[in-house]
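The values are calculated or read from the model by the stated rules, or taken from the named source; none is laboratory data. For clarity, every value in this text was computed on a predicted model and none was experimentally measured. Here Cβ is always computed from backbone atoms with ideal geometry, including for glycine, and neighbour counts include all displayed protein chains. These area figures cover heavy atoms from the full protein model, side chains too; ligands, DNA and RNA do not enter into them. Shrake-Rupley method; radii C 1.70, N 1.55, O 1.52, S 1.80 Å.
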Amino acid sequence: MPGSETATTASGSSMLPAARVRRIIKEDKDIFACGAESLFLISRATEYFIDSIVRESYEFSRLDKRKTVQYKDMAKAIQSIEQYDFLADTIPPTVMLKKPAAEKDTTTPQKKTTPAENQDSAPDQQE
């Protein structure tokens, strides 16, 4: 995708700061030295990876008729594209904490409690 870059980068340069990339590489105990060429290639590969995942995420936001990429768009991209499977644990799909009002189970009535009753009950006791 060399011609698809929106920001202009000169040949032989990277948009990522070299010092920061070098510091990240030095965190790996298996790598003893990293030359300037290797550092540049790692930076450019990282740029291409970021560009790729953002483009895929943007497609999911467009499907929802939005222009802003949200977390759920990135999670959908990671779940649906096989090459991003290694990120599935890092960026998991969003999970709803509550059921929407339309989906609530109405067969079992909920006991209404006052705030005083909530303070008196222990969290590990079951009704």
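Considering only residues that are in a helix (DSSP H, G or I) and either charged (D, E, K, R) or at pLDDT 95 or above (or both), which ones fall in region 75-89? Residues satisfying the conditions are K76, E82, D85. Taking region 28-50 as the range and being part of a loop (DSSP other than H, G, I, E, B) and exposed (fewer than 12 other Cβ atoms within 10 Å of the Cβ) as the test, the residues that pass are D28, K29, D30, I31, F32, A33, G35. Of all the residues in region 16-27, those that are part of a helix (DSSP H, G or I), aliphatic (A, V, I, L, M) and surrounded by 10 or more Cβ atoms within 10 Å (Cβ to Cβ) number 4. List the residue pairs whose Cβ atoms are under 9 Å apart, where the first residue sits in region 62-74 and is more than 21 Å from M96 (Cα to Cα) and assigned to a loop (DSSP other than H, G, I, E, B), the second is open to solvent by 80 Å² or more (accessible area, probe 1.4 Å) and not acidic (D, E), and the two are 6 or more positions apart or on different chains. Sorted first by the residue in region 62-74, then by its partner, the pairs are K67/Y58. E117: surrounded by fewer than 12 Cβ atoms within 10 Å (Cβ to Cβ), touching a Lys or Arg at 6+ places or on another chain (Cβ under 8 Å) and modelled with pLDDT under 60, yes or no? No.
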